[in-house]
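Trainee: What follows is a structure written as structure tokens; I'll ask about it next.
Only the coordinates and a few stated rules stand behind these numbers; no lab work does. The model shown is predicted, which means the values in this text are computed figures rather than measured ones. Using ideal geometry, Cβ is built from the backbone for each residue, glycine included, and neighbour counts are taken over all protein chains shown.
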């Protein structure tokens, strides 16, 4: 079951969903619009290695925006910090974003119950497109979980993305044993 606008508001009032900053005008019928933060990042090396710590360069989106180029993976971040204590959050692109040829995630659209942070976006584009800090970039949808949670994401000892940040975070695949 996906939460409706009324149920999202009820969960915010209860504190089981936290969205900061929250703006009621961003609440849709069954989702909440999130916005692009002011920081982007790109990997320092063109060839990435799943077993290595691939470092990134952060930069700030200027007042006049930034032109994304095809063939480059950009890491972005949501302006909004979120916490989800009882529901599974899914981040999807807005249709207006997709119609500009922008993808906001490669594979990581689902969050875990207990995820408390901003969302790192895996941004790519099909043609050059100018983007701006603060523009609507995606929408959060909340699903009901059936059954009890054994371990919340924010209490897992091996959770790789628990450190609160306002900047995009690079892949931590290298921390996995394989």
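Trainee: By per-residue mean of other Cβ atoms within 10 Å, what is the highest-first order of 134-146, 21-33?
Mentor: Most protected by this proxy first, the peptides run 134-146, 21-33.
Trainee: As a test of the formula, what do you get for the chain when each DSSP H run with n ≥ 4 contributes -39,500 (n - 2.57) and the sum is divided by the residue count, at 222 nm and rounded to the nearest 500 deg cm²/dmol?
Mentor: It comes out at -2000 deg cm²/dmol, rounded to the nearest 500.
Trainee: For region 20-95, how big is the tail of P(r) above 20 Å, as a whole percent of Cα pairs?
Mentor: Here the tail beyond 20 Å accounts for 48 percent of pairs.
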